[in-house]
Amino acid sequence: MTNETNSTTPKKVPAIYPAKTKLQVTVIFFVVLGIYLFSMSWTQQQMAGGFSGALSNMFNVIEKFFPPNTAVISAIWGPMVETIQMAIIATTVAAILTVPLALLAAENVTTFKPLYIVTRTFLNLLRTIPDLVLAVIFVGLFGIGLFPGILALIIFSLGILAKLISETIESVDMNPLEAMRASGGNVFQVIWYALIPQVLPQFTSLVLYVFEINIRASVVLGLVGAGGIGLILNQQLGFYNYPNAMMIIILIFVVVIAIEYISTKIREALL
Amino acid sequence: MIEFKDVGLVYPNGTEGLKKINVTINDGEFIVIVGLSGAGKSTFIRSINRLVTPTSGSLLVDNEDILKYRGSDMRKLRTKTGMIFQNYNLVKRSNVLKNVLAGRLGHTSTLRSILNLYKKEDIGLAYESLQRVNIAEKIYNRADELSGGQQQRVSIARVLTQQPKYILADEPVASLDPPTSHQVMTYLKKINKEDNITTIVNLHFIDMAMEYADRIIGMRAGEVVFDGPVSEVSESTFEEIYGRSIREDDLRGGADKS
Ligand SMILES: Nc1ncnc2c1ncn2[C@@H]1O[C@H](COP(=O)(O)OP(=O)(O)OP(=O)(O)O)[C@@H](O)[C@H]1O
Ligand SMILES: [Mg+2]
């Protein structure tokens, strides 16, 4: 209908999208826009002080935090390492547990529909629980320390990893799998020889990515008592010891950046 | 020996893939199946190694009804029937040797194969198979570094390594140019003669069917409409099978170039 005006022949050119799709997209667009506008005006009302208030507050805060206390660095190094270990252990365990779950949640491997649907639903449920809530629950169950933090991270990263990896599995080339099946390979041999080589680079990359997320998450989990550097940071803030807290924040910043840099480099090399 | 006895296959969506097929394939034969797209050639071939399961009749391989097979019987059946595909179906990220060794999976225990503990003879056999199709120098190349014709030769080597009694080839040359097509068919024919492996090949091309087959089976709409030795086949036979006159694109050509 749009092209008819400037074409010389009266031939009808079909639109790229059917009229129904166009209508749907338009409606969705306006609904989303409406939600944006509404929430913008709503938050404006809630923020009584507005941005100018926040700005003056910020100077007050910054003043209290500086200069950071470099003397505590040796004392906080231990908990920092604990945090990293927490992330490493949790990521490793999650990576192992992911394998069977991801296979069961991949439609092309698990052809038995009910099993696939149950696993999918389980993973979806897992992902709806925020990591912080998991940490609070486990700290309540096991007391303050690293263990509840690790548990929370395992479950949290399992939800993400299994979902992403099952999607990677669903996108593999099925032809080699058929060839292995046709040559007499059993299920395990088919997966090992035809599937794993296809998903291994993606798998490693995703595990590293989740490791990055876990480093940051484990800091936050520490705030609710799940061990590591976050716990110390929370204590120092509780004592109003802002220069110490600032030193901790700087250390976290440096470590997170360093780990993300290394991990990104490895992932680039893999893909 | 493979015997189709009143074999029928109805796909879950209601399409009749095979209708009352009665065919006997003797040991050592080189059979080419021709027919238009959708005639049921793939369905026929894939019934023999149970990649699809006929819904009626009985299908005997070496005097056993394979339609009754489950689990380990099926594995045995597939171990003695090698398959070659139009798209080679190699694991692209794995190297040539690993792809060829996959032909031994049916003969190897799960634990051994997962730990990569192949027997010395198996690796020797894989290498020998690669030599037979003249591609041994690519042994450590990744499969996706090879040309189409080279990949198909690797997939032939994979089947050779399997040491099957039957070879099923589903349009093995459809993705190749004429000279390479003839090269691949020549290898298949040579293996058929030297190792006495019964070979069944699906082909689109009339001239290739005539050149390589001992016997031609023509299919149309799920039925066998012709079955006889090449000597009985003429252009009118193909016109009957195809239900139309023969066209330029029914021929591969390039026979003299190989
Ligand atoms: N998995 C399936 N589900 C439903 N119908 C199918 C399936 N596979 C094949 N068919 C149908 O069965 C009929 C025979 O298909 P088949 O693949 O055996 O034909 P073919 O002779 O190999 O054709 P081509 O030359 O295109 O490969 C076709 O009508 C096809 O649409
Ligand atoms: Mg086919």
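Given the options A:G185, A:G159, name the one that is of a type outside the set (K, R), within 30 Å of B:K80 (Cβ to Cβ) and touching a helix residue (DSSP H, G or I) at 6+ places or on another chain (Cβ under 6 Å). Give the steps one after another, and end with the answer.
On the way: A:G159 fails: within 30 Å of B:K80 (Cβ to Cβ).
Every option except A:G185 fails the conditions.
Hey, among the residues in the stretch A:142-201 that are part of a helix (DSSP H, G or I) and of a type in the set (D, E), which one's least open to solvent (accessible area, probe 1.4 Å)? Write out each step before concluding.
The first filter runs over the stretch A:142-201 and keeps only residues part of a helix (DSSP H, G or I), leaving A:142, A:146-170, A:175-182, A:187-201.
Next cut, of a type in the set (D, E) only: A:167, A:170, A:178.
Working: A:E167: 78, A:E170: 62, A:E178: 33 Å².
Among them, the one singled out is A:E178.
Checking A:N3 against (1) in a helix (DSSP H, G or I); (2) modelled with pLDDT under 80; (3) surrounded by 10 or more Cβ atoms within 10 Å (Cβ to Cβ), which single condition isn't satisfied?
In the conditions (1) in a helix (DSSP H, G or I); (2) modelled with pLDDT under 80; (3) surrounded by 10 or more Cβ atoms within 10 Å (Cβ to Cβ), A:N3 misses (1) alone.
Which condition does B:T110 not pass, out of (1) within 7 Å of another protein chain (Cβ to nearest Cβ); (2) under 30 Å from B:H204 (Cα atoms); (3) out of contact with any Pro (no Cβ under 7 Å at 6 or more places or on another chain), if it passes all the others?
(2)
Looking only at the stretch B:2-16, decide whether some residue is within 16 Å of ligand 2 (Cβ to nearest atom), within 11 Å of chain A (Cβ to nearest Cβ) and either of a type outside the set (G, A, S) or farther than 27 Å from B:I156 by Cβ (or both). Before the answer, list the steps.
Restricting attention to the stretch B:2-16, the residues satisfying the condition of being within 16 Å of ligand 2 (Cβ to nearest atom) are B:9, B:11, B:15-16.
Pick out the ones that are also within 11 Å of chain A (Cβ to nearest Cβ) and you get none.
Checking the stretch B:2-16: not a single residue is within 16 Å of ligand 2 (Cβ to nearest atom), within 11 Å of chain A (Cβ to nearest Cβ) and either of a type outside the set (G, A, S) or farther than 27 Å from B:I156 by Cβ (or both).
Which residue pairs have Cβ atoms under 8 Å apart, sit 6 or more places apart or on different chains, and have a first residue in the stretch B:121-136 that is farther than 18 Å from B:L188 by Cβ and a second that is open to solvent by 90 Å² or more (accessible area, probe 1.4 Å) and part of a helix (DSSP H, G or I)?
Listed pairs, sorted by first residue: B:A136/B:Y127.
Just to be sure, is A:I232 open to solvent by 20 Å² or more (accessible area, probe 1.4 Å) and under 30 Å from A:V172 (Cα atoms)?
Numbers: open to solvent by 20 Å² or more (accessible area, probe 1.4 Å): yes; under 30 Å from A:V172 (Cα atoms): no.
Considered against the rule, which asks whether it is open to solvent by 20 Å² or more (accessible area, probe 1.4 Å) and under 30 Å from A:V172 (Cα atoms), A:I232 comes out as no.
At least 1 residues that are more than 14 Å from ligand 1 (Cβ to nearest atom) in each: list the helices (runs of 4 or more DSSP H) lying fully within the stretch B:1-111 that qualify. Working first, answer last.
Working: elements: B:41-48, B:71-80, B:96-101.
Counting at least 1 such residues, we get B:71-80, B:96-101.
How about the stretch B:70-87: which of its residues are more than 7 Å from chain A (Cβ to nearest Cβ) and open to solvent by less than 30 Å² (accessible area, probe 1.4 Å)?
As a first pass, look at the stretch B:70-87 and keep what is more than 7 Å from chain A (Cβ to nearest Cβ): B:70-74, B:76-77, B:80-81, B:84, B:86.
Result: B:L77, B:T81, B:I84.
Kindly indicate which of A:A75, A:A71 is open to solvent by 40 Å² or more (accessible area, probe 1.4 Å), more than 24 Å from the chain's Cα centre (by Cα) and more than 24 Å from A:V224 (Cα to Cα).
Details: A:A75 fails: more than 24 Å from A:V224 (Cα to Cα).
Of A:A75, A:A71, the one residue that is open to solvent by 40 Å² or more (accessible area, probe 1.4 Å), more than 24 Å from the chain's Cα centre (by Cα) and more than 24 Å from A:V224 (Cα to Cα) is A:A71.
Is it the case, given these coordinates, that B:N95 is more than 19 Å from B:R215 (Cβ to Cβ), open to solvent by less than 10 Å² (accessible area, probe 1.4 Å) and within 14 Å of chain A (Cβ to nearest Cβ)?
Details: more than 19 Å from B:R215 (Cβ to Cβ): yes; open to solvent by less than 10 Å² (accessible area, probe 1.4 Å): no; within 14 Å of chain A (Cβ to nearest Cβ): yes.
The answer is no for B:N95.
Would you be able to say whether some residue in the stretch A:235-250 is in contact with a helix residue (DSSP H, G or I) (Cβ under 6 Å, 6 or more places away or on another chain) and open to solvent by 40 Å² or more (accessible area, probe 1.4 Å)? Don't jump to the end; show me each part of the working.
The first filter runs over the stretch A:235-250 and keeps only residues in contact with a helix residue (DSSP H, G or I) (Cβ under 6 Å, 6 or more places away or on another chain), leaving A:236-237, A:242, A:244-248.
Applying the additional criterion that residues be open to solvent by 40 Å² or more (accessible area, probe 1.4 Å) yields A:237, A:242.
The answer is yes, given that some residue of the stretch A:235-250 is in contact with a helix residue (DSSP H, G or I) (Cβ under 6 Å, 6 or more places away or on another chain) and open to solvent by 40 Å² or more (accessible area, probe 1.4 Å).
What strands (runs of 3 or more DSSP E) lie completely within the stretch B:135-233 and have 2 or more residues being surrounded by fewer than 17 Cβ atoms within 10 Å (Cβ to Cβ) and either within 14 Å of another protein chain (Cβ to nearest Cβ) or away from ligand 2 (no atom under 16 Å from the Cβ) (or both)? Reasoning before the result, please.
Working: elements: B:166-170, B:198-202, B:215-220, B:223-229.
In the stretch B:135-233, B:223-229 are the strands (runs of 3 or more DSSP E) which contain 2 or more residues that are surrounded by fewer than 17 Cβ atoms within 10 Å (Cβ to Cβ) and either within 14 Å of another protein chain (Cβ to nearest Cβ) or away from ligand 2 (no atom under 16 Å from the Cβ) (or both).
Regarding the stretch B:111-134, can at least one residue be identified that is open to solvent by less than 40 Å² (accessible area, probe 1.4 Å), within 20 Å of the chain's Cα centre (by Cα), within 16 Å of ligand 2 (Cβ to nearest atom) and farther than 17 Å from A:I191 by Cα?
Step one: filter the stretch B:111-134 for residues open to solvent by less than 40 Å² (accessible area, probe 1.4 Å), giving B:113, B:118, B:122, B:124-126, B:129-130, B:133.
From the residues that got through so far, the ones that are within 20 Å of the chain's Cα centre (by Cα) too are B:126, B:129-130, B:133.
With within 16 Å of ligand 2 (Cβ to nearest atom) added as a condition, the list becomes none.
No; the residues of the stretch B:111-134 include none that is open to solvent by less than 40 Å² (accessible area, probe 1.4 Å), within 20 Å of the chain's Cα centre (by Cα), within 16 Å of ligand 2 (Cβ to nearest atom) and farther than 17 Å from A:I191 by Cα.
Can we say B:G17 is closer than 25 Å to B:S234 by Cα and either crowded, with 21+ Cβ neighbours inside 10 Å or in contact with a Ser or Thr (Cβ under 6 Å, 6 or more places away or on another chain) (or both)?
Values: closer than 25 Å to B:S234 by Cα: no; either crowded, with 21+ Cβ neighbours inside 10 Å or in contact with a Ser or Thr (Cβ under 6 Å, 6 or more places away or on another chain) (or both): yes.
When the stated conditions are applied, B:G17 does not pass them.
The values are calculated or read from the model by the stated rules, or taken from the named source; none is laboratory data. Quantities reported herein were computed from a predicted structural model and do not represent experimental measurements. Cβ sites come from the backbone with ideal geometry, for glycine too, and all protein chains shown count toward neighbours. The protein model used for the area step is the full one, side chains on, heavy atoms only, and it has no ligands, DNA or RNA in it. Shrake-Rupley method; radii C 1.70, N 1.55, O 1.52, S 1.80 Å.
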